Structures are given as structure tokens and as C-alpha cells.
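Worksheet: one structure, shown below.
The values are calculated or read from the model by the stated rules, or taken from the named source; none is laboratory data. None of these values were measured; they are calculated from a predicted model. Quick reminder, even Gly has a Cβ in these numbers, built from the backbone with ideal geometry, and neighbours come from all protein chains shown. In case anyone asks, the SASA skips ligands and DNA or RNA and just uses the protein heavy atoms, side chains included. Shrake-Rupley method; radii C 1.70, N 1.55, O 1.52, S 1.80 Å.
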Amino acid sequence: MGKWKRSQAYADYIGFILTLNEGVKGKKLTFEYKVSEAIEKLVALLNTLDRWIDETPPVDQPSRFGNKAFRTWYARLDQEAENLVATVVPTHLAAAVPEVAVYLKESVGNSTRIDYGTGHEAAFAAFLCCLCKIGVLRVDDQIAIVFKVFNRYLEVMRKLQKTYRMEPAGSQGVWGLDDFQFLPFIWGSSQLIDHPYLEPRHFVDEKAVNENHKDYMFLECILFITEMKTGPFAEHSNQLWNISAVPTWSKVNQGLIRMYKAECLEKFPVIQHFKFGSLLPIHPVSLC
């Protein structure tokens, strides 16, 4: 784990997360932003994955969780991943396609265990980070990367989780932040920094969530949790309940970044499947 934390991959990955965190600060999802051709192509790729879910209905099986139809859906992605990535990457960068496609395949869950967790989410962020490193995505795509691409990815993942009743990977149960995601809480809390009236205490208020979830990722995540879980919020999502007592969104954001490093990026079960290559190398950070 020490080697990972000192690696170029770790530095590039966390740098990417923090740059996007800064980019979306104080902005609503409905904010006007530039949408490049590359962003449109990434959304089209995700729309294809969504369509495949419709074409692969769950099968009848005795066990309620982990529907085996997910394996059929995943096999299709496994087979088509490089072709899908090739639709986003220009021909002169085609040599990078196999390496970038690995992160896409890793980002949708595990087909053996039929589970999904923050390690898979990290693979999607790494996929986007690689596209930035090879120049497919640029600095002025920052807001669209989060608001258009990552948000669409979340929608598709929620549909996968619901359709195939996927298990949470490495879940800490009630003591984890969320069964499946982490990044939208970081970027979503950044969106809410200096909001004129929404404070952290409001996200446990059903009315505030219902009225504002279309503008803020954080509240969209809360809405999904309340749809999927029953019982008092403080019982099924204790960590989030505790966060609602933090006075400002800025402090929530800083705390979540620290928590993400400690609970996700520095935990072996989450990071053990992370792939390294020429774009996200394991060698130590070069100081030159």
C-alpha cells in the first residue's frame, strides 16, 4: 500500500479528483457549461450501456440478490469495450485504446460476485483521468466531466444496481458512507459550498431533497438512498446522519476528501484490483 500511495498513479488520480472538486464548486447541475464532442461521445457510450440493460432483463432465480443476467450484460461489455472506447478516442491515439478500455470494464462491478462498490467507481474516475492524460478530454471539459459524464455514469450504475440487485462490494454496512458510491458526495458537497440557504442539516429534510435534487449531486444520492432503504435515516445511514451536523459545506467537503483517502484509497480491499499501466504508472512520483 505504501508503494501505491507514493506512486505517480495515486498522485495523478487524487489530483484529478481535486481539480474537478474545485471546478464544480458552487455550481448547480443546471449551470450552463461547454459540451465538447468528446463529452457527447462519452455520454453516447454510457447510453449504449444503458440500452444493453433494457436488452438483458433479469432472469428468474431462487436468490433475491445478484441476478445472473448481469453476467450476460457484462460479457457483452467485456467483448465490446475496446470498440466502445474507440468511438471516443481519435484514430491517431488508437494505441491507447486497449489500456483505457480496461478501466471501463473495471468500472461497472464484478461479474463473478455480481457486486459493485467504490473500487469500481474509482476505475471509472481513472478511465476519465486517462482520457485527460492522452488529450481526449481537456481543461475546459472539467465541469461537463462531472455534470454530464459522471452524472450519466451514476444513473447507469443505479439502474444496474436496481435491475440486477447487485450486492455492495466491501460494504461497511451502516458505518460506511454509502453502499455503492463516494465521489458524488465529494463533488456534490463542493457544489453546495456557499449556498445561500441550503446547509448540511437540510439534506436529511425530505422536502429540501425533493425540491433541490435535480440541481445537486449530493441530494440526488440522498434521494436514491431513501428510495432503496427503509427505516429511520439515522439508522440505515449513520455516517451521513453525522455529517448533517457539520456546520458548513466547506467543512463537509474537506472531511469527505480526508475520509475518501482513508476509507477508500488507502484500504487494500478497495484498491487491490486497481490497474496500473503506462498512463497510471505504479512507479514513484517523479520530482523533476
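Observations on the structure shown:
- The chain: calculated mean residue ellipticity at 222 nm from DSSP helix runs of at least 4, using -39500 (n - 2.57): -15500 deg cm²/dmol
- Candidate membrane-span-like segments in the chain, meaning DSSP H helices with Cα atoms spread over at least 24 Å of their own axis and a Kyte-Doolittle mean of -0.5 or above, are 37-55, 69-86, with no membrane implied.
- Loop-located chymotrypsin sites (Phe, Trp or Tyr not before Pro) in the range 4-61 (DSSP state not H, G, I, E or B) with no more than 12 neighbouring Cβ atoms inside 10 Å: Phe31.
- Cβ-defined net charge surrounding Ile257, 13 Å radius [Lys, Arg +1; Asp, Glu -1]: +1
- Within the listed set Ala245, Ala81, Ala122, the Gaussian network model of the chain (springs between alpha-carbon atoms below 10 Å) gives the highest mean-square fluctuation for Ala245.
- Separation between Cα centres of the range 215-235 and the range 102-128, rounded to whole Å: 22
- With a threshold of 19 Å on the Cα-Cα distance, the over-threshold entries among Lys5/Lys267; Lys41/Lys68; Lys25/Lys133 are Lys41/Lys68; Lys25/Lys133.
- Total charge dipole magnitude, the chain, about the Cα centre, Cβ charges on Lys, Arg, Asp, Glu only, Debye to nearest 20: 520
- Residue-span extension gain [Glu206 to Lys251] - 0.36 nm each, minus C-alpha spacing: 14.0 nm
- Simple label model, 7 Å out from Cα along Cβ direction - Ala234 to Lys159, nm: 3.8
- A DSSP coil position with no more than 16 other Cβ atoms inside 10 Å describes the following GluC sites (Glu not before Pro) in the range 185-288: Glu266.
- Length available on full extension from Ser278 to Ile134: 0.36 nm per residue minus the Cα-Cα distance, which gives 50.8 nm.
- Simple spin-label estimate for Lys5 and Phe31 in nanometres, 7 Å along Cα-Cβ: 3.2
- For the range 113-200, the gyration tensor built on C-alpha atoms gives an oblate shape. Its axis ratio a/c (a ≥ b ≥ c) is at least 1.5, and a/b is not larger than b/c.
- FRET E, pair Asp54, Lys214, Förster distance 25 Å, beta-carbon r, rounded to 0.05: 0.60
- Residues considered: Ala38, Ala94, Ala123. Largest GNM mean-square fluctuation over the chain, using C-alpha springs under 10 Å, is found at Ala94.
- Taking the accessible area of the chain, probe 1.4 Å, and keeping the other protein chains in place, the carbon and sulfur fraction comes to 53%.
- Over the chain, volume per residue of the alpha carbon convex hull, in Å³: 135
- Leading residue at positive end of dipole, the range 1-272 (Cβ point charges), from Val43, Thr56, Leu137: Leu137
- Surface analysis of the chain yields an accessible area of 46 Å² per residue, using protein heavy atoms and a 1.4 Å probe.
- Sparsely packed loop sites in the range 106-201 (the chymotrypsin sites (Phe, Trp or Tyr not before Pro) outside DSSP H, G, I, E and B with at most 14 other Cβ atoms within 10 Å) comprise Tyr197.
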